[in-house]
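Q: Handing you a structure now.
The values are calculated or read from the model by the stated rules, or taken from the named source; none is laboratory data. These figures come from a predicted structure and were not determined experimentally. We place every Cβ from the backbone using ideal geometry, glycine too, and count neighbours over all the protein chains shown.
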Amino acid sequence: MSDVSQLPPQVQERLLRLQQLQRNLQAISAQKQQVELELTETDQALTELAGLTEKAVIYKSIGSLLVRSEKGKVEAELKERKGVLDTRTQVLGKQEARLRQQFNQLQAKLKRDLSTGPTSGVRP
């Protein structure tokens, strides 16, 4: 059964939807990984800042420049960014779980369709 056009229209639609869900799931997973990486870097920066005195010389990156800044100000900015990243990670995690559930349900329906179809003697 290599020709998709020989499948019933309903099965074709489910197959297309499954492919779309798979692409969306991959995109959400990639975004989540990127946000988790940034969150790890932010945590590391906060840990480093915690060990410094208030008078320590700190530079922060603004584009391609390094600009001198105050520890308290940088720490506040990093904590705020960490909060945003935590929230974003939670949202992406929920989206990923929902998409994964939809994907698994649709995949199960497709398997049933293909195994009970007119060509049930041929297993994909």
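Q: Based on this model, can you work out whether residue 109 counts as surrounded by 13 or more Cβ atoms within 10 Å (Cβ to Cβ) and at pLDDT below 95?
A: Judged against the criteria, residue 109 is a match.
Q: Sort through 26, 31 and tell me the only one that's out of contact with any Ser or Thr (no Cβ under 9 Å at 6 or more places or on another chain) and farther than 30 Å from residue 4 by Cα.
A: 31
Q: Let me ask something else. For residue 78, state whether it is at pLDDT 95 or above, touching a Leu at 6+ places or on another chain (Cβ under 7 Å) and not hydroxyl-bearing (Ser, Thr, Tyr).
A: Numbers: at pLDDT 95 or above: yes; touching a Leu at 6+ places or on another chain (Cβ under 7 Å): yes; not hydroxyl-bearing (Ser, Thr, Tyr): yes.
Answer is yes for this residue.
Q: Has region 77-85 got any residue that is free of Cβ contacts under 8 Å to residues at least 60 places away in the same chain, more than 23 Å from the chain's Cα centre (by Cα), more than 22 Å from residue 108 (Cβ to Cβ) and surrounded by 11 or more Cβ atoms within 10 Å (Cβ to Cβ)? Let's see the steps before the verdict.
A: Keep residues of region 77-85 that are free of Cβ contacts under 8 Å to residues at least 60 places away in the same chain, which gives 77-85.
Filter once more, so that each one left must be more than 23 Å from the chain's Cα centre (by Cα): 77.
If we keep only those that are more than 22 Å from residue 108 (Cβ to Cβ) as well, we get 77.
Adding the requirement that they be surrounded by 11 or more Cβ atoms within 10 Å (Cβ to Cβ) leaves 77.
Scanning region 77-85 turns up at least one residue that is free of Cβ contacts under 8 Å to residues at least 60 places away in the same chain, more than 23 Å from the chain's Cα centre (by Cα), more than 22 Å from residue 108 (Cβ to Cβ) and surrounded by 11 or more Cβ atoms within 10 Å (Cβ to Cβ).
Q: Scan 67, 91, 57 and give me the residue that is β-branched (Val, Ile, Thr), within 30 Å of the chain's Cα centre (by Cα) and over 30 Å from residue 6 (Cα atoms).
A: 91
Q: If you don't mind, there's one more thing I want to ask. List pairs: first residue in region 96-117 and closer than 14 Å to residue 16 by Cβ, second residue charged (D, E, K, R) anywhere in the structure, Cβ distance under 7 angstrom, at least six positions apart or on different chains.
A: Pairs found: 106/14; 106/17; 109/14; 110/14; 113/14.
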